[in-house]
Structures are given as structure tokens and as C-alpha cells.
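Undergrad: Below you'll find the structure I mean.
The values are calculated or read from the model by the stated rules, or taken from the named source; none is laboratory data. Keep in mind that this is a model prediction, so the values were computed, not measured. All Cβ positions, even for glycine, are placed from backbone atoms using ideal geometry, and neighbour counts span all protein chains on display. The area values use the complete protein model at the heavy-atom level, side chains included, leaving out ligands, DNA and RNA. Shrake-Rupley method; radii C 1.70, N 1.55, O 1.52, S 1.80 Å.
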Amino acid sequence: MTHYTRTDSPLGELLLVGEKDTLVSLSLPGQRTAPAVRPDWMRDDEAFTEVTRQLSAYFAGRLTRFELSLAPHGTPFQRRVWQALDGIPYGSTTTYGELATRLEVPRAEIRAVGAAIGANPLLVVRPCHRVIGADGSMRGYAGGVERKVRLLTHEGALQQMLV
């Protein structure tokens, strides 16, 4: 059975989806590819107590690495790329090319790495926001580039901009 809950965050209301005590998806408002709650899903706030606790600690600056049971749906290649995202330390960034090299993906297939990152169903928890362009630019983020900047600033990977 698929369970879900919603929780507030500095990025807006997050939708958490899980199956059998594992987190399958974490999505942001307006996110492309975000799942829609289905009639056969059951709302179960208690099933996500640990996830919401860790998210609160992360946004409060007290947690730098999530320790959750994850079971995202994806191809073997996507899951391999998503697991590599876990190796990008809090407060740092890497490029698509560097990640492809780490995964031993040929340079000609860097776009496949980018596509897998873009399909990451576990935003924030699985830190695809830490992957940037080779020139330091903020490339796409399923939750919106402005949220990517907010997350990287929160983690100290970007300096807060004075307006």
C-alpha cells in the first residue's frame, strides 16, 4: 500500500510518498514530474515521523546527511546515478562531468547522467541540487532553479547574495 503525507518546509509544502517503511518520493510544489496523490493512497502522517524529523533538522542547520530507508523507482542506470548523489558532501558541489567521470560514464553520455539526475524522485534528501554546470552555473532543477540556489546557500555552498 502506498502512504503519503504533506509537511511544511522553507521551500513550500513537501509531498512525501512511501511504501513499506521506505521513502519513495519527496517532491516540491510545482515540481515537474511530481506525483499526484491518487485515490488509492492512504494519508499516514505517523509513517513519516522520522522523515519529517530529519527534514526539520536539516532545514534548521542541525543535519548534514539523511539516514533514511529509500526505495525510489527507476532504471538500474538511474538508481546508480542517484546513489552517486549521496556521495556529494553537504556544503559542496560537483559538476555533471565530474559525476559522469566518477561513474565511469563516457563523456558522450553525460546527457544521460543529467537526465537521470533530473528524474530523481527524492529531492532534498538525495542531493541532486549539488550538481551544477561546469562553468558554475545553476543548471535545471526539478523543483526550480531558485530553490536549488536556496538549498545551496542554506548548505553554505553558495554565498548569500546581497540585494
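Undergrad: Among PRO35, PRO29, PRO72, PRO89, which is the only one that is surrounded by 12 or more Cβ atoms within 10 Å (Cβ to Cβ), of a type outside the set (Gly, Ala, Ser), within 27 Å of GLU104 (Cα to Cα) and modelled with pLDDT under 95? Before the answer, list the steps.
TA: Numbers: PRO35 fails: within 27 Å of GLU104 (Cα to Cα); PRO29 fails: within 27 Å of GLU104 (Cα to Cα); PRO89 fails: modelled with pLDDT under 95.
Unique residue meeting the criteria: PRO72.
Undergrad: Quick check on the stretch 1-26: of everything there that is touching a helix residue (DSSP H, G or I) at 6+ places or on another chain (Cβ under 7 Å) and among the small types (Gly, Ala, Ser), which residue is most open to solvent (accessible area, probe 1.4 Å)?
TA: Once the filter is applied, the top-ranked residue is SER9.
Undergrad: In the list ALA112, ALA116, which residue meets the criterion of being in a helix (DSSP H, G or I), closer than 20 Å to THR33 by Cβ, open to solvent by less than 20 Å² (accessible area, probe 1.4 Å) and among the small types (Gly, Ala, Ser)? Reasoning before the result, please.
TA: Numbers: ALA112 fails: open to solvent by less than 20 Å² (accessible area, probe 1.4 Å).
Residue meeting the stated conditions: ALA116.
Undergrad: For the stretch 119-141, name all the residues that are open to solvent by 10 Å² or more (accessible area, probe 1.4 Å), farther than 20 Å from GLU67 by Cα and either touching a strand residue (DSSP E or B) at 6+ places or on another chain (Cβ under 7 Å) or touching a residue at least 40 places away in the same chain (Cβ under 8 Å) (or both).
TA: ALA119, ILE132, ALA134, MET138, ARG139
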